[in-house]
Amino acid sequence: DSAELRKLKTAVFNWYEKGVKFDSVFNLQTDDRMYCSEMVKKGLERSTNNRISVPTVHPTANEAIFAATRLPLSAAAIQKLDIVPIDHLYMNPACRLVQRYEFNPAK
């Protein structure tokens, strides 16, 4: 509703004002650094008093091995993380797709 939307916008604006940086270690326990889907999850849950909840998952072994080539964490550490996959946002029944962006690295 409009009150929840105002709360969400306020939360996002406050994080922007605080200069929240990207969380390259994907730690859901802190708010001083966040990754994209973490910010959306926290914003939705806080602004709706958990009416809209976004579940987390642990990466599979293969996902952790792949991520370890790009993150400053070992595959074992990555597999223990609670992460917020993007599809848990856009496939959430309480949410709807607003914009789709097709990434094409060849362009």
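General observations
- Note on the stretch 56-107: Rg/Rh from Cα positions, Kirkwood definition for Rh, rounded to two decimals, is 1.08.
- Accessible surface of the stretch 63-107, 1.4 Å probe, proportion on carbon and sulfur as whole %: 59 percent
- Rolling a 1.4 Å probe across the protein heavy atoms gives the stretch 1-58 an accessible surface of 66 Å² per residue.
- Accessible area of residue 58 in the full protein assembly, 1.4 Å probe (Å², nearest 10): 100 Å²
- Of all stretches in the chain that contain no chymotrypsin sites (Phe, Trp or Tyr not before Pro) in a DSSP loop with at most 10 other Cβ atoms within 10 Å, the longest one is 1-100.
- Couplings for the stretch 68-75, taken from phi via the Karplus curve 6.51 cos²θ - 1.76 cosθ + 1.60 with θ = phi - 60°, read 5, 6, 10, 10, x, 9, 7, 4 Hz in order; Gly and Pro are left as x.
- Value of Rg to Rh for the chain (Rh from inverse mean 1/r over Cα pairs, i.e. Kirkwood): 0.99
- Size of the stretch 10-70: Rg and Dmax of its alpha carbons, in Å, are 13.2, 38.
- On Cα atoms only, tilt of 2-18 relative to the major axis of the chain in degrees: 50 degrees
- Bridgeable lysines around residue 80 (alpha carbons under 25 Å apart, same-chain partners fewer than 8 residues away excluded): 21, 41, 42.
The values are calculated or read from the model by the stated rules, or taken from the named source; none is laboratory data. Quick caveat, the model's predicted, so the values are computed rather than measured. For neighbour counting, all protein chains shown are included, and Cβ atoms are generated from backbone atoms with ideal geometry for every residue, glycine included. Calculation scope for accessible area: heavy atoms of the full protein, side chains included, ligands and nucleic acids excluded. Shrake-Rupley method; radii C 1.70, N 1.55, O 1.52, S 1.80 Å.
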